[in-house]
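Student: Have a look at the structure that comes next, please.
The values are calculated or read from the model by the stated rules, or taken from the named source; none is laboratory data. Note that the coordinates shown come from a computational prediction; the quantities given were computed from them, not determined experimentally. Glycine also receives a Cβ, built like all others from the backbone with ideal geometry; neighbour counts cover every protein chain displayed.
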Amino acid sequence: MTAYDVIGDIHGYAAPLEALLGRMGYVRNGKGWRAPHGRKAVFVGDLVDRGPEQVRVVELVRSMIDDEQALCVLGNHEYNAIGWMTRRLGPDGKLVGEGKRANELPPEAWLKKHTERNLGNHAEFLKQVKEGSDLHNEMIKWFRTLPVALDLGGIRVAHAWWNDTFVRRLDDRLRNGLDDTFLQAAGVKGSPEWTAMEGVTKGLEAFLPDGMTFVDHSGVVRPEVRLRWWLPKGSSWRAAAFVSDEARERLCDRTPVPDCDGFGEVEGAPVFIGHYWMDGPRTPQSSKVACCDYSVPRSRRMVAYRWDGEGELSAANFVESD
């Protein structure tokens, strides 16, 4: 049996990642690290955006995968990076803005619109790779090869939400990776491909009751809120919503979240995720779900869960960088 070390979102912070790998007994090996005997690293995605060493992080993770020391799923930041560099086809099958110079193209000429808001944290990645360079294009090509979810038998891994329906749908479509046909389909809001990719890489979201809104950690006003999809069916908005304590008191009452596919207690093999900027004690979200993202941009600490074959998860198996 292979034991897995599931590592949270990195966001370009190579130093805490390498400190964590060293603490877990990994050994430097070229551009990557070699796992202890019988173990393998699993990265939950979001390798890039925000941090000072994004190229180094991608090189490290890619080297470990090439050496069969690690696996990695696609995070929403890698998916956004792909969309930023991928031209959109219009209903007529032609490139949006075809015939225009590059500096004249409208924001919607790409799958991820080139707006100031979407540029946001991605600007640092574009700066470090030199947008449009050979290095940039090669990284995007590699991102397109990453699986969206992994079922490893003893554990399951997705960036934000393990939804059986969405995972099956993506398994059926992604036998050739994120190819052009799939990306164009997934770029159409509301399509089955769009819905599945949004869910698996960004999580379950629902509109707040009574038309309410809140301001997220990036300062964006949102009418929809991410939900703790692993809670029991019938859980309240107050328990399930990912919002600040202030917003929770203002917005969330004790009425149940409407029932939906993929919301409810997880059964079967444990599920590991990232994405959610957890804080506080390092502990599983349930006996079957563990989030390994504890916001390295804020804490400068990387977190991992060392899975040794257990069917129910334990806080004792979390480890973090110094």
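Student: Just to verify a result, which residue in the stretch 72-88, among those that are among the aliphatic types (A, V, I, L, M) and farther than 17 Å from M302 by Cβ, is surrounded by the most Cβ atoms within 10 Å (Cβ to Cβ)? Steps first, please.
Tutor: At the first step, the residues of the stretch 72-88 found to be among the aliphatic types (A, V, I, L, M) are 73-74, 81-82, 85.
Keeping just the survivors that are farther than 17 Å from M302 by Cβ gives 74, 81-82, 85.
Values: L74: 27, A81: 24, I82: 21, M85: 19.
Ranking the qualifying residues of the stretch 72-88, first place goes to L74.
Student: Can you tell me which residue in the stretch 21-56 is nearest to the chain's Cα centre (by Cα), limited to those that are closer than 15 Å to S321 by Cβ and surrounded by 22 or more Cβ atoms within 10 Å (Cβ to Cβ)?
Tutor: F43
Student: Test G280 against the stated conditions and say whether it is modelled with pLDDT of 95 or more and loosely packed, with under 15 Cβ neighbours inside 10 Å.
Tutor: In short, no.
Student: Provide a single number: the residues in the stretch 172-188 that are touching a residue at least 24 places away in the same chain (Cβ under 8 Å) and outside any helix (DSSP H, G or I).
Tutor: Within the stretch 172-188, residues that are touching a residue at least 24 places away in the same chain (Cβ under 8 Å) and outside any helix (DSSP H, G or I) number 5.
Student: For the stretch 252-268, enumerate the residues that are of a type outside the set (V, I, T) and surrounded by 15 or more Cβ atoms within 10 Å (Cβ to Cβ).
Tutor: Answer for the stretch 252-268, where residues must be of a type outside the set (V, I, T) and surrounded by 15 or more Cβ atoms within 10 Å (Cβ to Cβ): C252, G262, F263, G264.
Student: For A206, state whether it is among the small types (G, A, S), in contact with a strand residue (DSSP E or B) (Cβ under 9 Å, 6 or more places away or on another chain) and more than 24 Å from G187 (Cα to Cα).
Tutor: So A206 does not fit the description; no.
Student: Quick one: how many residues across the stretch 169-205 are farther than 24 Å from A41 by Cα, surrounded by fewer than 16 Cβ atoms within 10 Å (Cβ to Cβ) and out of contact with any Ser or Thr (no Cβ under 7 Å at 6 or more places or on another chain)?
Tutor: So the answer is 10.
Student: Does the stretch 160-173 include one or more residues that are acidic (D, E) and farther than 24 Å from L74 by Cα?
Tutor: No, every residue in the stretch 160-173 fails to be acidic (D, E) and farther than 24 Å from L74 by Cα.
Student: Using beta carbons and a limit of 7 Å, which pairs, at least six apart or on different chains, have the first residue in the stretch 101-112 and in contact (Cβ under 8 Å) with a residue 40 or more places away in the chain and the second one not in a helix (DSSP H, G or I)?
Tutor: L111/T86; L111/R88; L111/G187
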